[in-house]
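S.K.: I am attaching a structure below and will ask some questions about it afterwards.
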Amino acid sequence: MRRGPSAFGVAAIGLGLLFLYAPIAILVLYSFNDGRLVTVWSGFSLRWYRALFHDRQMLEAIWTTLRVGALSATMATGLGALAAVALARAGRFRGRTGLAGMIYGALVMPEVILGLSLLLLFVAAGVPRGFWTVTLSHATLTLCYATVVVQARLASFDPRLEEAARDLGRTPWQAFLTVTLPNIAPAVAAAWMLAFTLSLDDLVIASFTSGPGATTLPMRIYSQVRLGVNPEINAVSTLLIGAVATGVIGAWLIQQRRARRA
């Protein structure tokens, strides 16, 4: 006879979920608070959302963050996909171990070390810090993650399908575009979203490599929190949570639709 979950297991899961999501729920709730104090409820209001959309510096930080995230994720995913194909399909070649070591080593590299090294590189090269230095730095940060995600998908992909396409007259490039790429497309999309999320969340590397006119949203929020928690921060955080939740729900609905068609 199949037994259901124990009371202890249910309680443990419930406490874990409460620990994870209670702070988020409180943040969302107080984003609608009319008062300036973030710990005293003064009534429901959209005051801080209106203030957010009139805060030019915050809106510029959001726009900068979205542009940096999209560009760095695209660069990291493109280069990461090529690196993954080289590591998974090219077999043994000179420098393969070194390439893999440099890619995987970045996964465990502390961000403060990576940020400092990039700062020294830009200073030595005479590159002024700004939008493009942050973008290139975030692409460097997320390249290893994109490579690992795509390589994991290639590891389970049957290379004989690509060989069959080449036997039918396709060039290696045509076989990759018509056979391999459609099969790894979900992994490429997942790698892009992961890279975009990591860029959106980064504070340390952006603090080292940003310059005038390149203040990202995490930097802006951190600078305001140092002077005290502003309810406007609750509002922008709630909007970010809503955007992430919408993306997750949308991806789940697409997956469910594909499962029903299959």
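The values are calculated or read from the model by the stated rules, or taken from the named source; none is laboratory data. For clarity, every value in this text was computed on a predicted model and none was experimentally measured. All Cβ positions, even for glycine, are placed from backbone atoms using ideal geometry, and neighbour counts span all protein chains on display.
S.K.: Out of segment 32-51, which residues are outside any loop (DSSP other than H, G, I, E, B) and charged (D, E, K, R)?
M.R.: Arg47, Arg50
S.K.: Another one. Of a type outside the set (Phe, Trp, Tyr), touching a helix residue (DSSP H, G or I) at 6+ places or on another chain (Cβ under 6 Å) and part of a loop (DSSP other than H, G, I, E, B): does that describe Leu107?
M.R.: Yes; evaluated as a whole, the condition is true for this residue.
S.K.: Can Leu20 be described as closer than 22 Å to Leu198 by Cβ and surrounded by fewer than 18 Cβ atoms within 10 Å (Cβ to Cβ)?
M.R.: yes
S.K.: Taking the options Val40, Val28, name whichever one is closer than 28 Å to Leu217 by Cβ, exposed (fewer than 11 other Cβ atoms within 10 Å of the Cβ), of a type in the set (Val, Ile, Thr) and modelled with pLDDT under 90.
M.R.: Exactly one residue qualifies, and that residue is Val40.
S.K.: Looking for whichever is in contact with a helix residue (DSSP H, G or I) (Cβ under 6 Å, 6 or more places away or on another chain), on the phi < 0 side of the Ramachandran plot and not acidic (Asp, Glu) here; the options are Thr216, Thr171. Which one fits?
M.R.: The match here is Thr216.
S.K.: Applying the selection to segment 52-103, what residues are within 22 Å of the chain's Cα centre (by Cα), more than 27 Å from Pro218 (Cβ to Cβ) and surrounded by fewer than 16 Cβ atoms within 10 Å (Cβ to Cβ)?
M.R.: Residues satisfying the conditions are Leu82, Ala100.
S.K.: Just give me the residues in segment 117-162 being more than 16 Å from Gly69 (Cβ to Cβ) and hydroxyl-bearing (Ser, Thr, Tyr), in sequence order.
M.R.: Matches in segment 117-162: Ser117, Thr147, Ser156.
S.K.: Please name all residue pairs, on different chains or six or more residues apart, with Cβ atoms under 7 Å, provided the first residue is in segment 52-74 and is part of a helix (DSSP H, G or I) and the second residue is of a type in the set (Lys, Arg).
M.R.: Gln57/Arg220; Met58/Arg220; Ala61/Arg220
S.K.: From the list Thr180, Thr142, which one is part of a helix (DSSP H, G or I), over 22 Å from the mean Cα position of the chain (by Cα) and in contact (Cβ under 8 Å) with a residue 40 or more places away in the chain?
M.R.: Thr180
S.K.: Just one of Ile205, Ile221 is in contact with a His (Cβ under 9 Å, 6 or more places away or on another chain), surrounded by 14 or more Cβ atoms within 10 Å (Cβ to Cβ) and under 24 Å from Val112 (Cβ atoms); which is it?
M.R.: Ile205
S.K.: Continuing with this model, one more query. Check off (1) within 30 Å of Tyr145 (Cβ to Cβ); (2) assigned to a helix (DSSP H, G or I); (3) aliphatic (A, V, I, L, M) for Leu29 and give me the number that stays unchecked.
M.R.: Failed condition: (1).
S.K.: Same structure, new question: Among (1) surrounded by fewer than 16 Cβ atoms within 10 Å (Cβ to Cβ); (2) more than 21 Å from Arg220 (Cβ to Cβ), which single condition is Gly130 missing?
M.R.: All conditions pass for Gly130, except number (2).
S.K.: Pick from segment 145-177 the residues that are in contact (Cβ under 8 Å) with a residue 24 or more places away in the chain and loosely packed, with under 13 Cβ neighbours inside 10 Å: which of them is nearest to the chain's Cα centre (by Cα)?
M.R.: Looking at residues that are in contact (Cβ under 8 Å) with a residue 24 or more places away in the chain and loosely packed, with under 13 Cβ neighbours inside 10 Å, I get Ala155.
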